Amino acid sequence: MTDLRKHAPSARHVGVDEVPFVINPVVGARMRVLQASEADNLYVVHGFMPAGLEVQTHHHTGPVIALTLSGAWGYRENDFMNRAGSYLYEPVDSVHTLFVPPDNTEETELWTAVYGDTEYLDENGDVTHVSNWKAMLQLYYEGCETAGLPRPDRILL
């Protein structure tokens with residue numbers, strides 16, 4: 001029998017203080033990128049969204065997994081609200097407009113894993129710009145630079 005442990009990749013770890021939070025220069029929320037993977041076309045973000053935040057309508061070419069840790073947020077196109085403890089799965093080709101209620105009494109803390117591209121749409125449904133693992137990593141690095149922080153070397157690449 002083959003010992004799979006000899007051939008299996010090792011688990012990888014990012015400590016809680018090894019990747020700082022910065023301001024996302026596009027939406028103004030605090031975030032940190034924990035993983036950015038070209039091979040998996042994936043990025044994982046831990047963030048805090050302020051009350052009243054709204055993100056442009058967008059289309060996902062891959063699935064998204066989200067876990068809400070505090071606060072509340074939703075989609076203009078749905079009737080449910082994500083609250084602390086909520087788990088959300090977005091299937092491939094989902095389209096929605098994310099918002100945080102303006103009367104939120106606390107920041108909304110969210111963990112997301114996004115596969116594929118996110119295409120941002122104008123009012124006619126035309127793509128205005130595209131985000132993915134590479135664009136999100138660059139956005140994070142821009143936030144680090146603006147904050148005067150070095151690029152962390154613990155992000156899982």
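The values are calculated or read from the model by the stated rules, or taken from the named source; none is laboratory data. This is a predicted model, so every value here is computed, not measured. Here the Cβ positions follow ideal geometry from the backbone for every residue, glycine too, while neighbour counts run over all protein chains shown.
Hey, does region 133-156 have a residue that's at pLDDT 95 or above, in a strand (DSSP E or B) and touching a strand residue (DSSP E or B) at 6+ places or on another chain (Cβ under 9 Å)?
Checking region 133-156: not a single residue is at pLDDT 95 or above, in a strand (DSSP E or B) and touching a strand residue (DSSP E or B) at 6+ places or on another chain (Cβ under 9 Å).
Say whether the condition of being of a type in the set (Lys, Arg) and free of Cβ contacts under 8 Å to residues at least 12 places away in the same chain is met by at least one residue in region 125-145. Write out each step before concluding.
Taking region 125-145 first, the residues of a type in the set (Lys, Arg) are 134.
Next, from what is left, pick out any that are free of Cβ contacts under 8 Å to residues at least 12 places away in the same chain: none.
Scanning region 125-145, I find no residue that is of a type in the set (Lys, Arg) and free of Cβ contacts under 8 Å to residues at least 12 places away in the same chain, so the answer is no.
Regarding Gly85, is this residue assigned to a loop (DSSP other than H, G, I, E, B), more than 16 Å from Phe48 (Cβ to Cβ), modelled with pLDDT of 95 or more and not acidic (Asp, Glu)? Step through it out loud before you land on a result.
Values: assigned to a loop (DSSP other than H, G, I, E, B): yes; more than 16 Å from Phe48 (Cβ to Cβ): yes; modelled with pLDDT of 95 or more: yes; not acidic (Asp, Glu): yes.
Yes: the conditions hold for Gly85.
Being assigned to a loop (DSSP other than H, G, I, E, B) and among the aliphatic types (A, V, I, L, M) is the filter; apply it to region 51-75 and report the residue that is nearest to Leu121 (Cα to Cα).
Keep residues of region 51-75 that are assigned to a loop (DSSP other than H, G, I, E, B), which gives 51-53, 55-57, 61-63, 71.
This time we only want the ones that are among the aliphatic types (A, V, I, L, M), so: 51, 53, 55.
Numbers: Ala51: 23, Leu53: 17, Val55: 11 Å.
The extreme case among them is Val55.
Looking at region 123-152 only, could you name the residues that are of a type outside the set (Ser, Thr, Tyr), over 23 Å from His96 (Cβ atoms) and more than 19 Å from the chain's Cα centre (by Cα)?
Within region 123-152, Glu145, Ala147, Gly148, Leu149, Pro150 meet the criteria.
Would you be able to say whether some residue in region 14-24 is touching a strand residue (DSSP E or B) at 6+ places or on another chain (Cβ under 8 Å), crowded, with 18+ Cβ neighbours inside 10 Å, touching a residue at least 12 places away in the same chain (Cβ under 8 Å) and assigned to a strand (DSSP E or B)? First the steps, then the outcome.
Of all residues in region 14-24, those touching a strand residue (DSSP E or B) at 6+ places or on another chain (Cβ under 8 Å) come to 14, 19-24.
Then keep just the ones that are crowded, with 18+ Cβ neighbours inside 10 Å; that gives 19, 22, 24.
Okay, now just the ones that are also touching a residue at least 12 places away in the same chain (Cβ under 8 Å), so 19, 22, 24.
In the following step, the residues that additionally are assigned to a strand (DSSP E or B) were identified as 22.
Looking for residues that are touching a strand residue (DSSP E or B) at 6+ places or on another chain (Cβ under 8 Å), crowded, with 18+ Cβ neighbours inside 10 Å, touching a residue at least 12 places away in the same chain (Cβ under 8 Å) and assigned to a strand (DSSP E or B), one finds at least one in region 14-24, hence yes.
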